[in-house]
Amino acid sequence: MFDEFLAIGEVSKSTNIPISTLRYYDKVGLLSPAFKNEETNYRYYTSKQLIMLKIISHMRNLGFSIEYIKSHFDNMSYQHTLELFEKVLLDTKAEIKRLKSVEKELIETCKRFKANFELEDKVGTPFIEKTEDIKGVIFNESTQSLSELNKVLKNIDNFEKANNLHPTLRGFKVSFKSFKKNRFSKDHLIATMNEEAVNLSVVIPAGKYACLYGKGFFEEQDIVENLLAWIKDNGYKAKEDFFLTFTDVIMFKNNQDFLYLLRIPIT
């Protein structure tokens, strides 16, 4: 009798399907062995089932779900199977689009990481920079404490996720008047998104800026005071507000690793 059947090991070798996968197909009801020895629990398949397994492997490689393959075998009509292929094709196109978006973001992130390596050497050294308009999104929620800031940042995270937005830059606009009263004060939160269509507001206006890269917990440092002193010593005059921006939060393990850029507009 057993000469008519193939043991599960032989089937696995012939089809390049792992034994564990063959057992899984049996468990979910996709394809069960033609015969099971109740005493030994050995599984045996027919030659016809080898053909079915090759069809299953091919369809799995094309992205078909177990349920779709079950539906194919249950119906076995050209029209039904064509509809299944069209559904998988649409899903595949959507996944390709998603992966292209992921690829683009990964490329941009790698560029920013490489740039950050170079920025490490600039920490603590003031410089002048002329900036074009930087457009993005303005979140009109002022904060006066670290707990308020964390709450607002969480709300912004939820907004970005809900709208499938990907920030490339985040930061704050702070007035010197507010900062002198409270170092944790932030007048506006700003962000530039990878999706150009939502970057409708000028978050950092064009102009000349005194800039300084810092690292660590901004509110506990004298970086603003130090840059203001440098501005005065070099014959410039600071305007009313300053900007604090940062990128690539995933690079930071704690506040001590936090890399940011302070921009003070000057005349």
Criterion first (of a type outside the set (Val, Ile, Thr) and in contact (Cβ under 8 Å) with a residue 12 or more places away in the chain) does Phe113 satisfy it?
yes
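Condition first: of a type in the set (Ser, Thr, Tyr) and assigned to a helix (DSSP H, G or I). Now tell me which residues in region 38-74 satisfy that.
Let us first name the residues in region 38-74 that are of a type in the set (Ser, Thr, Tyr), namely 40, 42, 44-47, 57, 65, 68, 71.
Those that are of a type in the set (Ser, Thr, Tyr) and assigned to a helix (DSSP H, G or I): Ser47, Ser57, Tyr68, Ser71.
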Take the residues in region 53-105 that are touching a Leu at 6+ places or on another chain (Cβ under 9 Å) and aromatic (Phe, Trp, Tyr), then tell me which one is least open to solvent (accessible area, probe 1.4 Å).
Phe64
Could you list, in sequence order, the residues of region 158-202 that are within 12 Å of Phe243 (Cβ to Cβ) and among the basic types (Lys, Arg)?
Arg170, Lys173, Lys186
When both residues are 6+ apart or on different chains and their Cβ atoms are under 7 Å apart, which pairs have a first residue that lies in region 237-261 and is over 19 Å from Leu146 (Cβ atoms) and of a type in the set (D, E, K, R), and a second that is modelled with pLDDT of 65 or more and part of a loop (DSSP other than H, G, I, E, B)?
Lys237/Thr267; Lys239/Thr267
Look at region 174-218 and say how many of its residues are small (Gly, Ala, Ser) and closer than 16 Å to Glu132 by Cβ.
3
Would you confirm whether or not region 35-52 contains a residue that is loosely packed, with under 15 Cβ neighbours inside 10 Å and either within 30 Å of His166 (Cβ to Cβ) or β-branched (Val, Ile, Thr) (or both)?
yes
Could you identify the single residue in Leu228, Leu169 that is crowded, with 16+ Cβ neighbours inside 10 Å, in contact with a strand residue (DSSP E or B) (Cβ under 9 Å, 6 or more places away or on another chain) and either at pLDDT below 95 or assigned to a strand (DSSP E or B) (or both)?
Leu169
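For every residue, the table says whether it meets (1) closer than 23 Å to Ala206 by Cα; (2) of a type in the set (D, E, K, R); (3) outside any loop (DSSP other than H, G, I, E, B).
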site: Leu90; (1), (2), (3): no, no, yes
site: Leu99; (1), (2), (3): no, no, yes
site: Glu105; (1), (2), (3): no, yes, yes
site: Arg112; (1), (2), (3): yes, yes, yes
site: Thr125; (1), (2), (3): yes, no, no
site: Glu129; (1), (2), (3): yes, yes, yes
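Within region 190-230, track down each residue that is in contact with a helix residue (DSSP H, G or I) (Cβ under 9 Å, 6 or more places away or on another chain), over 27 Å from Thr125 (Cβ atoms) and without any contact (Cβ under 8 Å) to a residue 60 or more places away in the chain.
Met193
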Checking Arg112 against (1) surrounded by 14 or more Cβ atoms within 10 Å (Cβ to Cβ); (2) of a type in the set (D, E, K, R); (3) more than 30 Å from Thr168 (Cα to Cα), which single condition isn't satisfied?
(3)
Go through region 231-244 and give me each residue that's of a type in the set (Asp, Glu), touching a strand residue (DSSP E or B) at 6+ places or on another chain (Cβ under 8 Å) and open to solvent by 70 Å² or more (accessible area, probe 1.4 Å).
Glu240
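Return the total of residues in region 139-166 being in a helix (DSSP H, G or I), open to solvent by 70 Å² or more (accessible area, probe 1.4 Å) and charged (D, E, K, R).
Initial filter on region 139-166 (in a helix (DSSP H, G or I)): 146-162.
Imposing the further condition that a residue be open to solvent by 70 Å² or more (accessible area, probe 1.4 Å) reduces the set to 146-148, 150-151, 154-155, 158-159, 161-162.
Cutting the leftovers down to charged (D, E, K, R) gives us 148, 151, 154, 161.
Total meeting the criteria: 4.
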All-but-one check, Lys208 against (1) closer than 30 Å to Ser101 by Cα; (2) assigned to a strand (DSSP E or B); (3) open to solvent by 20 Å² or more (accessible area, probe 1.4 Å); (4) of a type outside the set (Asp, Glu), failing number (1)
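The values are calculated or read from the model by the stated rules, or taken from the named source; none is laboratory data. Fair warning: this is a prediction, and the values are worked out from it, not measured in the lab. Using ideal geometry, Cβ is built from the backbone for each residue, glycine included, and neighbour counts are taken over all protein chains shown. Ligands, DNA and RNA are excluded from the accessible area calculation, which covers all protein heavy atoms including side chains. Shrake-Rupley method; radii C 1.70, N 1.55, O 1.52, S 1.80 Å.
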